[in-house]
Structure formats: structure tokens, C-alpha cells
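Enquirer: Please read through the structure below; I'll follow up with questions.
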Amino acid sequence: MRLCGLLLALAIFIPLQAGAGELESLRTIATVSATGAKEISLAPGALGTLSLKSPARSLVIRDGAIASGYISGDVVAIINARAPGHTTIDIRNPSGETVESIELNVRRGSNDAASALPLGPGPTFSHTPSRLDLLTLMGPGFSLQPASFRKGAIIPAASEMETEGRARPPVGWRQFCTFYPEECDVRDVVAEPARLSPKTWQQLLAVNSAVDRRIKPISDMEHHGIVEHWDYPMDGLGDCEDYALLKRRLLIEAGWPRSSVLMTVVRDQNGDGHAVLTVTTDRGDFVLDNQVTEVLPWTATGYRFVKRQSGENPNAWVSLNNVDSAVVAFSSAAKDQAH
């Protein structure tokens, strides 16, 4: 299961009356109405957590097109609402007996919730990490300026992504700005792509690889108790946006233009939300992704690109018009063959 879901909406905690001694509470980021001990209502894309008073070993969703779910540990069941409709969730004990049946309605929710900051804990670090803090996190073997570079390194061919109009910043980014306001209190600059050379290309590869090795993947729900939490992974744990935030900051510390390292929201091949770091260069746009070991041209990822930070100001986001990298790559290949 992907340890990253961009479910950017309001985190609400609503207690429910316990049924059969099992159901204790529901935590969800969606607009929720609880009409009874055995009925819950979520918006499509919402993620709910059922806290169980006693161990359970299975979670049965009777209509997989409507929702999915799994047991995390002994006392937590995760519900992922999908298409609008009605389904039933059966929670079974280790012996296979159904101890709780919950009616789930998946419905369209209010867009107002998507603009609110999620509730939950604050940053994992007591202050904005300094250069020394970051180097300490990465360990003694890490350097922002690797000692040697392989001459003649082959840099893949890439193209520049096209943007289209303004987009609303993700709730997670606005949350991040409340954690570290000085990171977001910046002036507009002229967007400047990074200059790629064999030296800077290898530096890019080194930062990407080092962060992927150093940080251990964990979902925001497991880590912080909420669905979305953008933060520097200073405790060595994080999900996709945390990896990207750390890579962004390390590259800036290494001298890369702030305007060239951009937080980006995509949809993966399964349609799930995901965050990556886009690096704009004089040789095209490349993607740093905790799900992939290589640094790839954006057209080689297979992702559908939704929006990213503006190069002029990290607090301004621009729409990528749901650009599908797979389609662009296929069209480019067909054009090359035609010539």
C-alpha cells in the first residue's frame, strides 16, 4: 500500500456510540455525519480510521468498488472511501466471527472542507532546521558537495513542463508554512532553472539517493495520527511529501536556485495522489521521487501531473492541466519515429 495519499481536507474527530463493544471512534478528513452507531458517511477519497476496543484480524468490504479497508495492528481499521454509493463493512475477530457490521455511505462532500487546515500535532522538530541540523540528520557520510564526480556522466534528455494558470496550494503546504513561517515568508524572484553539468547532475543523484536511504517510509496516519502532515522528516520517518521537502531543502543548501526545486502534486498509475520534487533545469524538468531510485525526466514517470509550486514564489501554485506524462512520452516517441 502506498504510504502517501494527498487527501487535502479537514481532519475531524467524531465519537460514535460503541456497537457490540467494538467500535470506539471515527477519525476522518471528510465531512462526516454519524446517523447511528452502525452507520457512517464519507466523501469520495476520504480516509477514515476506526479505532477498535478489542483485536480484529480481518476487515471485509462487501463492495470493493465503493470502499476498501485493512487492519493496521490490533486496534485500528483503515477505511478508504471510493466511488459514491452504499456498502457494508464487516469487522471479524481472530476466530473469523463477525463482531461488527457498519453501513457505509459514500457521498459527495462539501468543497469547503478542502480549504481548511487539518487538525493534529505540530512539527516534528522544535525549530526550522538549520544547515547543521540537516547534515546531522543525514549522517557523517553525507556531504552537500560530494568529493568526486564522474566525468562524462550521461544526462538524460528531458523537456520543459507547461503550466496553465494558478492553482490552490495544497492544505499540507499551508500547514507546513504554519510550522516554519520563515520558510514561506519570501519575496518573488525571477524563475531561474538550474544549470546541469556532469557535476551538478551527480550532485542531484547523490541527494536523491541519500535521502531515500536515510528516511524510512511511514504513513501520516501511523506517524502523526492524521491523514496529511507536511513536515521535514527530522526524526528519520516520513512519507512522500516529507522526502520531497527534505530533498528540496538540501538542494537549496547546496546552492541550487530556490525557483528550480518545486514541490509537485501528481496522480500515479493507479490514480492515487502522490507528491514528488520537480527540478527545472536548462536541459528540461526532472523528477525526484521516493518511489523510484532513478532521477527521471518528467515524461518517463508515467504520472499525471496536476500542480506544482511557481518558480517565482513557493506559496503560489500553478496548474499543470492534468498533464499525463505517459501520453506526452508516447507522442514524442511517435514524432521521433515519423522523422
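Readers should treat all values here as calculations from the given coordinates under stated rules, not as data from a laboratory. Everything numeric here is computed off the predicted structure, so don't read it as measured data. Note that we place each Cβ from the backbone using ideal geometry, even for glycine, and neighbour counts take in every protein chain shown.
Enquirer: With just the Cα atoms defining each centre, how far is segment 175-204 from segment 270-321? Give it in Å.
Expert: A separation of 14 Å, based on Cα centres.
Enquirer: Can you sort Tyr70, Tyr180 from fewest to most other Cβ atoms within 10 Å of each residue's own Cβ?
Expert: Exposure proxy ranking, most exposed first: Tyr70, Tyr180.
Enquirer: What is the packing order of peptides 236-248, 166-178, 299-311, taking the mean over residues of other C-beta atoms within 10 Å and listing the highest first?
Expert: Values: 236-248: 24.6, 166-178: 19.1, 299-311: 22.2.
Result, highest mean first: 236-248, 299-311, 166-178.
Enquirer: Round to the nearest 0.05 the FRET efficiency obtained for Glu103 and Arg168 when R0 = 41 Å and r is the Cβ-Cβ distance. Please report the intermediate quantities before stating the final value.
Expert: On the way: r = 33 Å, r/R0 = 0.81.
With a Förster radius of 41 Å, E is 0.80.
Enquirer: Give, in nm to one decimal, the length gained when the segment between His127 and Ile252 is fully stretched (0.36 nm per residue of separation minus the Cα-Cα distance).
Expert: On the way: separation 125, 0.36 × 125 = 45.00 nm, distance 1.81 nm.
Gain in length upon complete extension: 43.2 nm.
Enquirer: Considering all alpha-carbon pairs of segment 210-314, what whole percent are spaced by more than 24 angstrom?
Expert: Working: 1045 of 5460 pairs.
Across segment 210-314, Cα pairs with separations above 24 Å total 19 percent.
Enquirer: A follow-up question, please. How do Leu277, Leu296 line up, fewest other C-beta atoms within 10 Å first?
Expert: Values: Leu277 28, Leu296 19.
Ascending number of Cβ neighbours within 10 Å: Leu296, Leu277.
Enquirer: Sort 132-140, 220-228 by the packing proxy (mean of other Cβ within 10 Å over each peptide's residues), most packed first.
Expert: Details: 132-140: 13.9, 220-228: 21.2.
Top to bottom by mean Cβ count within 10 Å: 220-228, 132-140.
Enquirer: How far, in nm, would the chain grow between Lys216 and Ala316 when pulled straight, counting 0.36 nm per residue and subtracting the alpha carbon separation? Mind showing how you got there, number by number?
Expert: Values: separation 100, 0.36 × 100 = 36.00 nm, distance 2.96 nm.
Going from the current span to full extension adds 33.0 nm.
Enquirer: For segment 120-338, state the average projected area of the convex hull of the C-alpha atoms over all orientations, rounded to one decimal in nm². Walk me through the intermediate numbers first.
Expert: Details: hull surface 49.7 nm².
Projected over every direction and averaged, the Cα hull of segment 120-338 covers 12.4 nm².
Enquirer: Near Thr163, within a Cβ-to-Cβ distance under 13 Å, what is the net charge of the other residues, with Lys and Arg +1 and Asp and Glu -1? All intermediate terms of the calculation are to be shown ahead of the outcome.
Expert: Values: positive: Arg166, Lys307, Arg308; negative: Glu160, Glu162, Glu164, Asp285, Glu312.
Summing Lys and Arg as +1 and Asp and Glu as -1 gives -2.
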